[in-house]
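Enquirer: Here you go, one structure.
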Amino acid sequence: MKEVRIHGRGGQGGVTSAELVATAAIAQGKYAQAFPSFGPERRGAPVAAFIRVSDTQIRTREKVYTPDIVLVLDPSLPGLVNVAEGLKEGGIVILNTELSESEVREKFGIQSRLAMVDATKIATEELGLPITNTTMLGALLKATGIVDKEPLFEALEKRFGRLAEKNKKALERAMNETVVTG
Amino acid sequence: MSKRVGIEVSIAIAEAVGLARAEVIPAYPITPQTHIVEHLSEMVANGELDAEFIPVESEHAAMSCCCGSSAAGARTFTSSSAQGLSLMSEILYIPSTMRLPMVMVVANRAMSAPISIWNDHQDIMVQRDIGWIQTFAENGQEAVDLTLHAFRVAEDRNVSLPFIVNIDGFTLSHVIEPIELPDQEDVDKFLPPFKPRYKLDPRRPITMGPVGIPEVYTEAKVAHDMAMRKAKRYILKAWDEFAEIFGRKYNPVESYRTEDAEILLVTMGSISETAMTAVDAMRDDGQKVGLLRIRLWRPFPSQEFRKAIGKAKVLAVVDRCLPPGAVCGPVGAEIRSLLYKIPGAPKIFSFVAGLGGRDVTVARFKEIVDKARQFAKKRPRELYEVIGVREK
Amino acid sequence: MANSDAIVGWKTITFGCHILEPGNAANFRTGDWRSQRPVTDKEKCIKCGMCWVYCPDMAYSQDEEGYFVANMEYCKGCGICAHECPKDAITMVPEEG
Ligand code: SF4
Ligand code: SF4
């Protein structure tokens, strides 16, 4: 079982990212859960969403305390929240950042494996909006094998209809531009 | 063919209500039930569901409309939570003794104060004695299946009682997970059209809800109680038929790794899944621990529960409700009184956990089992223990 | 065995405590706790039937002469008929004893 924690800000679509990955994994025949950090959401406030993906039935309703993967949608969040909190040994933090690896490590003190992409730039160029929730899924695909691309694209089409194309393009670009460190 | 989809549990419940062909849905939105009724109102507005959606002005009105709708012979559904459910309270006792079938999904939530929108079972324990049949779902699939089952049983002419399906707010209602949505054809096979024993019909006038003078009231209440006891047979029968059509079998009490178990956890609702994982971990450790999950809460499955205990020496009953000043939590109290003075009955310890959205983790279950083991050796000073409460 | 005050058994009580016979209140003397009774002054009465319409217990019926007469088995003495009569033909008088 792989556990994912997504950090975003209220209104950035972190819950939608979680939903897309879980529905795609389920369509692929796997077991999955996606859920928000329960409670009222305020636009702009730091929020989290969670995903579990497994080959066997998932029998827990705990929150995710020790993620294998952390996906951060907003470049300003690593400076505010400890995004690597509880990360499993060998886990990976995936950041939306324009910084280099050494800058990230120095500024935020993250020691784990890293994947980085400037998703804000990609989203702004491809979608015309700095909303990175679908773009960052490209980084998630590149850095982990948690879900396959085809079912994820199908989930995007179902969710966004006509707007899916642009989101798919942004996602593809993020896949190509994501840098994964050792 | 039924289809397996990744879907939010609330949406799946609404789809199930649609598959059940509900005819009247009076509802008032309240967190965390909101997505269920929002989706139903969309289905009605989009013409996908041929039903009356009545956006009432309060939960009190919602339940009043439900009574009228059921009395007029319509398949009736509503949903609520917490303070909203309590606002229905005045009406909730009415359809049950009046034998008006209807189905309500309660997305369980804590009672304020302090204000809490998060999950526990305090809202439904307030309504423990309203005389409705009540089940608890452990996961999204069960939420869907138990909703269909509820219509079938409630409307069975041998039962004719209102029915609550409890689902944990947020921890179930807001989770996306794989659920098999059944086929319309199969649901139609399982759930025939509602044919009430009596209904309000101007061509054949009757009076529903007359005064019950002291010379009648006791008999009316005993008749209701007897109807509840008799209902168990039809609840089980409907689960058997459900299994035949849909391939999933449900029981009033489910046992998990209870063979040779010395200590049994007792749970209700979605924490049961985490409890299973905890039992697996403790079994791996060589501890003889098992789990009993209560699915049918009213009528209480006394026989099945007694049988399920087997040779266990200790029961650790987990309540999601803290009734201030009571002897212990309501589930603990129920089981203590069920087993009182029964020769060879296990020792029963009552725990309160997971109030107002506090997570009940695998570690908490281990803690509960450890405490129960200690208490079995040295009697605890208190009749129950609140798990994970901070002192300072 | 102690005496029971019950007038019906739990096995024989109607389903849901419904009353299945429409209008069966007619079988009972529902007016035996009246403290006032309506008395109609035939001089003033124009036989309009408003008292018959408004009586919540349907106590009124018409006699051969066309006057409306309240049946004291059912009249509860509420006074609505007296209040509604357009000719003030009805007076409420106290019941004796
Ligand atoms: S309402 Fe008055 S006037 Fe009319 S019928 Fe009755 S008593 Fe006569
Ligand atoms: S007093 Fe009331 S009950 Fe009696 S006849 Fe008049 S309206 Fe009817």
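Enquirer: Under the Cβ-under-4.7 Å rule, which cysteines of the protein assembly as shown stay unpaired?
Expert: Taking the Cβ cut-off of 4.7 Å, the unpaired cysteines of the protein assembly as shown are B:Cys65, B:Cys66, B:Cys67, B:Cys321, B:Cys328, C:Cys17, C:Cys45, C:Cys48, C:Cys55, C:Cys75, C:Cys78, C:Cys85.
Enquirer: On to the next question. Suppose R0 equals 60 Å. What FRET efficiency, 1/(1 + (r/R0)^6) with r the Cβ-Cβ distance, do C:Asp41 and B:Ala326 give to the nearest 0.05?
Expert: Working: r = 66 Å, r/R0 = 1.09.
With R0 = 60 Å, the Cβ-Cβ based efficiency is 0.35.
Enquirer: Using only Cα atoms, what is the ratio of the radius of gyration of the stretch B:279-392 to 2.2 N^0.38 Å?
Expert: Working: Rg = 14.0 Å, N = 114, 2.2 N^0.38 = 13.3 Å.
That works out to 1.06 for the stretch B:279-392.
Enquirer: Give the lysines whose C-alpha is closer than 21 Å to that of B:Lys195, dropping any in the same chain fewer than 8 places away, or say none.
Expert: Within the straight-line cut-off, B:Lys195 pairs with B:Lys230, B:Lys232, B:Lys237.
Enquirer: Okay, next question. Under the Karplus relation 6.51 cos²θ - 1.76 cosθ + 1.60, θ = phi - 60°, what is the ordered set of whole-Hz ³J(HN,Hα) values for the stretch B:332-345, x standing for Gly and Pro?
Expert: Rounded to whole hertz, the list is x, 5, 4, 6, 4, 6, 4, 9, 4, 6, 7, x, x, 5.
Enquirer: Here is a follow-up. FRET efficiency for C:Thr30 and B:Ile115, Cβ-Cβ distance as r, R0 = 35 Å, nearest 0.05?
Expert: Working: r = 50 Å, r/R0 = 1.42.
About 0.10, to the nearest 0.05.
Enquirer: Give the Cα extents of the stretch A:120-177 along the principal axes, in whole Å, largest first.
Expert: Extents along the principal axes: 28, 25, 14 Å.
Enquirer: For chain C, give the magnitude of the charge dipole about the Cα centre (Cβ charges: +1 Lys/Arg, -1 Asp/Glu; no others), in debye to the nearest 20. Could you put the intermediate results ahead of the total?
Expert: On the way: 9 positive and 14 negative charges, 48 e Å.
Dipole size: approximately 240 debye.
Enquirer: Counting only residues 5 or more places away or on other chains, whose amide H sits under 5 Å from the amide H of B:Ala27 once H atoms are built in the peptide plane?
Expert: Residues meeting the criterion, in which the H sits 1.01 Å from N, are B:Ile54, B:Val56.
Enquirer: Buried by at least 40 Å² relative to the chain on its own: which residues of the stretch C:1-42 qualify, computing accessible area with a 1.4 Å probe on protein heavy atoms?
Expert: Those are C:Ile7, C:Trp10, C:Ile13, C:Phe15, C:Gly16, C:Cys17, C:His18, C:Ile19, C:Leu20, C:Pro22, which lose 40 Å² or more relative to the chain on its own.
Enquirer: Measuring from the lowest to the highest alpha carbon on each principal axis, how far does chain C reach, largest first, in angstroms?
Expert: Computed over chain C, the largest-to-smallest principal extents equal 60, 31, 23 Å.
Enquirer: Then there's this: In terms of Cα to Cα distance under 25 Å, which lysines are near enough to B:Lys371, apart from those fewer than 8 places away along the same chain?
Expert: A:Lys63, B:Lys288, B:Lys307, B:Lys311, B:Lys313, B:Lys341, B:Lys347, B:Lys392
Enquirer: Give me the accessible area of B:Cys65, 1.4 Å probe, in Å² rounded to the nearest 10.
Expert: 40 Å²
Enquirer: Can you pull out the buried accessible area for chains A and B, both sides counted, probe 1.4 Å, rounded to the nearest 100 Å²? Can you show the working numbers first?
Expert: Details: alone 9180 and 17690 Å², together 24900 Å².
Approximately 2000 Å², summed over both chains.
Enquirer: Tell me the net charge near B:Lys341. Cut-off is 14 Å between Cβ atoms, B:Lys341 excluded, with +1 for each Lys or Arg and -1 for each Asp or Glu. If you can, show how the numbers build up before the last one.
Expert: Details: positive: B:Arg306, B:Arg336, B:Lys347; negative: none.
Once all neighbours under 14 Å are counted, the net charge is +3.
Enquirer: What shape does the stretch A:76-161 have by the C-alpha gyration tensor, where a ≥ b ≥ c are the square roots of the eigenvalues, rounded means a/c under 1.5, and otherwise prolate means a/b greater than b/c and oblate the rest?
Expert: Working: a/c = 2.42, a/b = 1.47, b/c = 1.65.
Note, shape of the stretch A:76-161 comes out oblate.
Enquirer: One-quarter of the Cα convex hull surface for chain B, in nm²? Provide the component values of the computation, followed by the final result.
Expert: Numbers: hull surface 83.8 nm².
So the Cα hull casts an average projection of 21.0 nm².
Enquirer: Considering just Cα atoms, how many Å³ per residue does the convex hull of the stretch B:252-343 enclose? Please report the intermediate quantities before stating the final value.
Expert: Working: hull volume 9.0 nm³, N = 92.
Once divided by residue count, the hull of the stretch B:252-343 is 98 Å³.
Enquirer: Hey, can you grab everything whose amide H is under 5 Å from the amide H of B:Gln134? Only 5+ residues off in sequence or another chain; H modelled, so Pro and N-termini drop out.
Expert: Placed amide hydrogens put B:Ile164, B:Trp297, B:Arg298 under 5 Å from B:Gln134.
Enquirer: Give the calculated FRET efficiency between A:Asn82 and A:Arg159 to the nearest 0.05, with a Förster radius of 22 Å applied to their Cβ-Cβ distance. It would help to have the intermediate numbers written out before the result.
Expert: Details: r = 31 Å, r/R0 = 1.39.
E(calc), rounded to 0.05, equals 0.10.
Enquirer: Another question, if that's okay. Show the residues, 5+ positions off or on another chain, whose built amide H is closer than 5 Å to the amide H of C:Tyr60.
Expert: The answer is C:Asn71.
Enquirer: Taking the Cα centre of the stretch B:253-386 as origin, work out the dipole magnitude from +1 charges on Lys and Arg Cβ and -1 charges on Asp and Glu Cβ, in debye rounded to 20.
Expert: Numbers: 23 positive and 16 negative charges, 111 e Å.
It works out to roughly 540 debye.
Enquirer: Pop out a list of residues from the stretch A:1-50 that are at least 50 Å² less accessible with all the protein chains around than in their chain alone; 1.4 Å probe, no ligands or nucleic acids counted.
Expert: Flagged in the stretch A:1-50: A:Ile26, A:Phe38.
Enquirer: Assuming 0.36 nm per residue, please report the length gained on full extension of the stretch B:Asn46 to B:Arg204 beyond their Cα-Cα distance. The partial results should precede the final answer.
Expert: On the way: separation 158, 0.36 × 158 = 56.88 nm, distance 3.54 nm.
Contour length minus Cα-Cα distance gives 53.3 nm.
Enquirer: Considering the dipole of the protein assembly as shown built from charges on the beta carbon (Lys and Arg +1, Asp and Glu -1) around the Cα centre, which of A:Gly109, A:Pro40, C:Pro56 is farthest to its positive end?
Expert: My answer, from the dipole projection, is A:Gly109.
Enquirer: For the stretch C:61-91 and the stretch B:137-208, what is the separation of their C-alpha centers, rounded to whole Å?
Expert: Each part's Cα centre sits 51 Å from the other's.
Enquirer: Then there is this: Roughly how many Å² is the accessible area per residue of the stretch B:120-215, as a whole number, for a 1.4 Å probe? Each step should come with its number before you reach the end.
Expert: Values: 3330 Å² over 96 residues.
Accessible area per residue: 35 Å².
Enquirer: Compute the semi-axes of the equivalent ellipsoid of the stretch B:2-79, taking the square root of 5 times each eigenvalue of the Cα gyration tensor, and list them largest first in whole Å. Don't skip to the end; give the middle numbers.
Expert: Values: eigenvalues 87, 43, 20 Å².
They are 21, 15, 10 Å, listed from largest to smallest.
Enquirer: Would you mind checking the radius of gyration and Dmax of the stretch B:123-270 based on alpha-carbon positions, in Å?
Expert: 18.3, 62
Enquirer: For chain B, with all protein chains present and a 1.4 Å probe, just round the carbon and sulfur fraction of the accessible area to a whole percent.
Expert: Details: 8270 of 15980 Å².
Heavy-atom surface of chain B belonging to carbon and sulfur, 1.4 Å probe: 52 percent.
Enquirer: What are the ³J(HN,Hα) values, in whole Hz, obtained from phi via the Karplus relation 6.51 cos²θ - 1.76 cosθ + 1.60 with θ = phi - 60°, for each residue of the stretch A:106-116 in sequence order, with x given for Gly and Pro?
Expert: Result, ordered by residue: 6, 6, 10, x, 7, 9, 6, 4, 10, 10, 9 Hz.
Enquirer: Counting protein heavy atoms only and a 1.4 angstrom probe, how many square angstrom of accessible surface do chains B and C bury in total, to the nearest 100? The partial results should precede the final answer.
Expert: Values: alone 17690 and 7620 Å², together 23710 Å².
Chains B and C together bury roughly 1600 Å² of accessible area.
Enquirer: Only bridges whose two residues both fall in the protein assembly as shown count here: according to DSSP, what percent of them are antiparallel, nearest 5?
Expert: Working: 38 of 88 bridges.
Of the beta bridges lying entirely in the protein assembly as shown, close to 45 percent run antiparallel.
Enquirer: How much accessible area per residue does the stretch C:29-94 have, counting only protein heavy atoms and a probe of 1.4 Å, in square angstrom? Can you show the working numbers first?
Expert: Values: 4310 Å² over 66 residues.
Solvent-accessible surface per residue comes out at 65 Å².
Enquirer: Accessible area per residue of the stretch B:253-386 at 1.4 Å probe, in Å²? Display every interim value, and only then the final one.
Expert: Working: 5890 Å² over 134 residues.
Spelled out: the 1.4 Å probe surface of the stretch B:253-386, per residue, equals 44 Å².
Enquirer: Mind pulling the per residue volume of the convex hull built on the Cα atoms of the protein assembly as shown? Å³ is fine. Each step should come with its number before you reach the end.
Expert: Numbers: hull volume 151.6 nm³, N = 671.
For the protein assembly as shown, the hull spanned by Cα atoms encloses 226 Å³ per residue.
Enquirer: A follow-up question, please. Determine ³J(HN,Hα), in whole Hz, for all residues of the stretch B:246-254 in sequence, where each value follows from phi through the Karplus function 6.51 cos²θ - 1.76 cosθ + 1.60 and θ = phi - 60°; x replaces Gly and Pro.
Expert: These are the phi-based 3J(HN,Hα) values: 10, x, 10, 10, 10, 10, x, 10, 10 Hz.
Enquirer: Please report, to one decimal in angstroms, the Kirkwood hydrodynamic radius of the stretch A:2-181 built from all distinct Cα-Cα pairs.
Expert: Working: mean 1/r = 0.0626 Å⁻¹.
Evaluated over the stretch A:2-181, this radius sits at 16.0 Å.
Enquirer: Moving on. Which value, to two decimals, describes the C-alpha radius of gyration of the stretch B:105-199 once divided by 2.2 N^0.38 Å?
Expert: Working: Rg = 15.2 Å, N = 95, 2.2 N^0.38 = 12.4 Å.
The reported ratio for this selection is 1.23.
Enquirer: Using the Cα centre as the reference, give the magnitude of the dipole from point charges on the C-beta atoms of chain B (Lys, Arg: +1; Asp, Glu: -1; all else neutral), rounded to the nearest 20 debye.
Expert: 1900 debye
Enquirer: With the Cα gyration tensor of the stretch B:196-235 in hand, give its eigenvalues times 5 under a square root as the equivalent ellipsoid semi-axes, listed largest first in whole angstrom.
Expert: Numbers: eigenvalues 104, 71, 4 Å².
Equivalent-ellipsoid dimensions as semi-axes: 23, 19, 5 Å.
The values are calculated or read from the model by the stated rules, or taken from the named source; none is laboratory data. Keep in mind the model is a prediction, meaning the values are calculated, not measured. Backbone-built Cβ (ideal geometry, glycine too); neighbour counts: all protein chains shown. Surface areas here come from the heavy atoms of the whole protein model, side chains and all, with no ligands, DNA or RNA. Shrake-Rupley method; radii C 1.70, N 1.55, O 1.52, S 1.80 Å.
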